[in-house]
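Engineer: Quick one: the structure is below, and I'll ask about it shortly.
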2 protein chains.
Amino acid sequence: MKELEEGICSLDGVEANGVRGEDYGLALIRCSGKTVGFFTKNKVQAAPVKFTSQLIKENKRLDNVLVNSGCANAFTGQKGYEDAVWMSSLLDGKTGVCSTGIIGKRVDKAWIEKNANYLKDNLLSDKKGSKNAADAIRTTDSFIKEIGVQIGDVKVAGIAKGSGMIEPDMGTMLCFLYTNADFSQNFLKRCLRKAMDKSFNMIVVDGDTSTNDSVLLTSTESLEKCDKKNFEEALDLVSEKLAKMIAKDGEGSTKLIEVTTKEGRNNREAKSASKEVLRSPLVKTMFYGESSNLGRIVSALGNSEAFIDEEKLEIMIQDTKVIEGGRIVAEDSKIKELVSDDEIHVEINLKLGVSEATVWGCDLSPRYVKINVGYS
Amino acid sequence: MKELEEGICSLDGVEANGVRGEDYGLALIRCSGKTVGFFTKNKVQAAPVKFTSQLIKENKRLDNVLVNSGCANAFTGQKGYEDAVWMSSLLDGKTGVCSTGIIGKRVDKAWIEKNANYLKDNLLSDKKGSKNAADAIRTTDSFIKEIGVQIGDVKVAGIAKGSGMIEPDMGTMLCFLYTNADFSQNFLKRCLRKAMDKSFNMIVVDGDTSTNDSVLLTSTESLEKCDKKNFEEALDLVSEKLAKMIAKDGEGSTKLIEVTTKEGRNNREAKSASKEVLRSPLVKTMFYGESSNLGRIVSALGNSEAFIDEEKLEIMIQDTKVIEGGRIVAEDSKIKELVSDDEIHVEINLKLGVSEATVWGCDLSPRYVKINVGYS
């Protein structure tokens, strides 16, 4: 496995660039090829989600994606839909449109037109192109999210944005993945769904789902014969790395928290146990405050769909056993030390079956409130 | 309808008192009579919940309740259960036990024994007794919660504690209700369930459920012939008032927010719509920050179980229409003015059916994090 230095532009056939203004950002990625995608489950879908999901359904491929940040173009009715169609028409051919930002406002067409024209004429096929695009799609993200890997001949690279509203099953996030591997539409879609179920569908920031979530995977179709296992491994890896970056960059967060539930009765219960722990504001503030209040984890578990046998329950934090046989077995001072790291791994062992699920999330700091008060 | 000035001690046959120490509080309420109760749905149940629910099931009546704050006596195994039995044995007869506070710690038996003995000898049957008891059961509650009303001959009075972990369906809350009305066990239970479904089960603070939630209703059995309607009305009123006090006193909150969803397709969807709006941290920070970001309400609605027709949706804040026909119809400055009050009423009209549900909650301030970091 080799890391690709130039982000999505590491792939021949992918060109990108982006610009950021005071309130808005715009990215253009050019890559013509077979495309599959997954979109938000929120019942209020943004106009670009409606437009782009339909476009992919009809054509099975895209030539470009045009992505704006700062305005979600959601809850904007027929006029908002027309704006999405218009944005697509600014480029040639089959252009997908994605938006992220404030809901209920129309996009600034003059700003978008001017910058789309600039980007069209200034696409880059190097590191800078990928970085500029990743930067332009940020809203409250504090760092850009890009990664590329090569396994054998197979390359997979992606950029993403995320940060609030993460859960359940994606959440204000956009992700654009590219590969050179040429597989059938069905195989690509199956692999993407599997990768998402271990990555983007396993992150929790604040328990909200957004109107605009989209994950797209486009193939440059240049590597005709390639190893399926290498492709799946590369796609899984890129998806997991981007998902962890999104969880770590949860609004106002100071820590990345990984919760693995082991030996659950079934997958649904294992996933629910991990998610409920990371969704609980009381657990999240405990990690932020580096306190020893482990009862909050137990209470969150009891609040999940998982069956819990208190007496069997075992919990490890950073590989140290803190709960065993229905009681807290570590000293308060030791627990405080364990939760003081920047990246924390919690392992919950339900001792009831064989199912396992890992979920990523973050702590809750007063800055979460400050960011979301300011973002309007 | 007349308000009763002396809280739960307004009822003949109810005596109470409470003490608060540095870390703990203890309340004793004496009232011998028919008792019904509802308890937490969290799968991790605190020892006093297991003990008291069983006691009520067996005897159908209580003589006293002994309530400590500061230690939840939850996730304490067999020894914790024995502690609950021991607490009950400190009093004569059938004594229910309730606890609230930190999970995973054993109760301080010496402190409880000393203060239970003091309270036994110093029960009061006036205003002060009710107030002291309501004060002793507080944890992070910023004010005491008590109310009593008389309708016709029927009296109903109660004290409660709540504040974090409120939702779904009760949440770190304890409530002790008393009435003079003598009805059958079944009728009392049915009325209590109905009252709870319109009050304690309709409040949302942070989306967590606790290990210790308990609502008890005891009748002094002194009013044999009384009007059923008056009783139900009084019980509903007391429950709703206490529920609203709990919502208003949500940890770190600055505003009480009431969300009514009208014209839903069915009750489940109407309730889910109201709850999801009040559960969303993004909506809660919007109200705290008094911002105009109404798209967050729409997104939260889309995240609920309710079917949403964007074009039909109407939303009023403080009786002013802000959303109509799939768009935001009020100016930003007007919306900011509407959300600047201390008590805010949001009315969502789905225009799809006839069902309605009202839920109470609060905003989310940086103080929520501070409180929960400090509470360990």
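Engineer: Which pairs do you get when a residue that is on the phi > 0 side of the Ramachandran plot, found in the range A:44-68, comes within reach of a residue that is not charged (D, E, K, R), reach meaning Cβ atoms under 9 angstrom, with the pair 6+ apart or on two chains?
Structural biologist: A:Lys60/A:Thr35; A:Lys60/A:Val36; A:Lys60/A:Gln185
Engineer: A follow-up question, please. Can you tell me which residues in the range B:218-239 are in a helix (DSSP H, G or I), out of contact with any helix residue (DSSP H, G or I) (no Cβ under 6 Å at 6 or more places or on another chain) and under 15 Å from B:Ala157 (Cα atoms)?
Structural biologist: B:Asn230, B:Phe231, B:Glu233, B:Ala234, B:Leu237, B:Val238
Engineer: Continuing with the same structure: If B:Leu242 meets every condition in (1) out of contact with any helix residue (DSSP H, G or I) (no Cβ under 9 Å at 6 or more places or on another chain); (2) in contact (Cβ under 8 Å) with a residue 40 or more places away in the chain; (3) assigned by TED's automatic domain parsing to the domain that holds B:Ala134 apart from one, which number is that one?
Structural biologist: (1)
Engineer: For the range A:240-256, state whether one or more residues are assigned to a helix (DSSP H, G or I) and farther than 28 Å from A:Val283 by Cα.
Structural biologist: no
Engineer: Within the bounds of the range B:285-306, is there any residue that is closer than 30 Å to B:Ile159 by Cβ, within 11 Å of chain A (Cβ to nearest Cβ) and touching a residue at least 40 places away in the same chain (Cβ under 8 Å)?
Structural biologist: yes
Engineer: Check the range A:54-67 and report whether any residue there is modelled with pLDDT of 95 or more, closer than 21 Å to B:Glu311 by Cα and open to solvent by 20 Å² or more (accessible area, probe 1.4 Å).
Structural biologist: Yes, because at least one residue in the range A:54-67 is modelled with pLDDT of 95 or more, closer than 21 Å to B:Glu311 by Cα and open to solvent by 20 Å² or more (accessible area, probe 1.4 Å).
Engineer: Then there's this: Please list, ordered by first then second residue, the pairs with beta carbon atoms under 6 Å, 6 or more apart or interchain, first in the range B:310-335 and in contact (Cβ under 8 Å) with a residue 12 or more places away in the chain and at the interface with chain A (Cβ under 9 Å from one of its Cβ atoms), second of a type outside the set (Lys, Arg) and open to solvent by 60 Å² or more (accessible area, probe 1.4 Å).
Structural biologist: Within 6 Å, the pairs are B:Gly326/B:Glu311.
Engineer: Which of the residues that make up the range B:16-30 are crowded, with 23+ Cβ neighbours inside 10 Å and of a type in the set (A, V, I, L, M, F, W, C)?
Structural biologist: The answer is B:Ala16, B:Leu26, B:Ala27, B:Leu28, B:Ile29.
Engineer: Inspect all residues belonging to the range B:57-74 and state whether any of them is of a type in the set (A, V, I, L, M, F, W, C), within 14 Å of chain A (Cβ to nearest Cβ) and not in a strand (DSSP E or B).
Structural biologist: Checking the range B:57-74: at least one residue is of a type in the set (A, V, I, L, M, F, W, C), within 14 Å of chain A (Cβ to nearest Cβ) and not in a strand (DSSP E or B).
Engineer: Does the range A:354-372 contain any residue that is farther than 20 Å from B:Tyr368 by Cα and within 13 Å of chain B (Cβ to nearest Cβ)?
Structural biologist: no
Engineer: Out of everything in the range A:75-90 that is assigned to a helix (DSSP H, G or I) and more than 14 Å from chain B (Cβ to nearest Cβ), what residue ends up being most open to solvent (accessible area, probe 1.4 Å)?
Structural biologist: Only one residue tops the list, namely A:Ser89.
Engineer: Please verify whether B:Ser280 is within 13 Å of chain A (Cβ to nearest Cβ) and touching a Ser or Thr at 6+ places or on another chain (Cβ under 7 Å), treating the condition exactly as stated.
Structural biologist: Taking the combined requirement at face value, the residue does not satisfy it.
The values are calculated or read from the model by the stated rules, or taken from the named source; none is laboratory data. Everything numeric here is computed off the predicted structure, so don't read it as measured data. Ideal geometry is used to build each Cβ from the backbone, glycine not excepted, and the neighbour counts take in all protein chains shown. Ligands, DNA and RNA are excluded from the accessible area calculation, which covers all protein heavy atoms including side chains. Shrake-Rupley method; radii C 1.70, N 1.55, O 1.52, S 1.80 Å.
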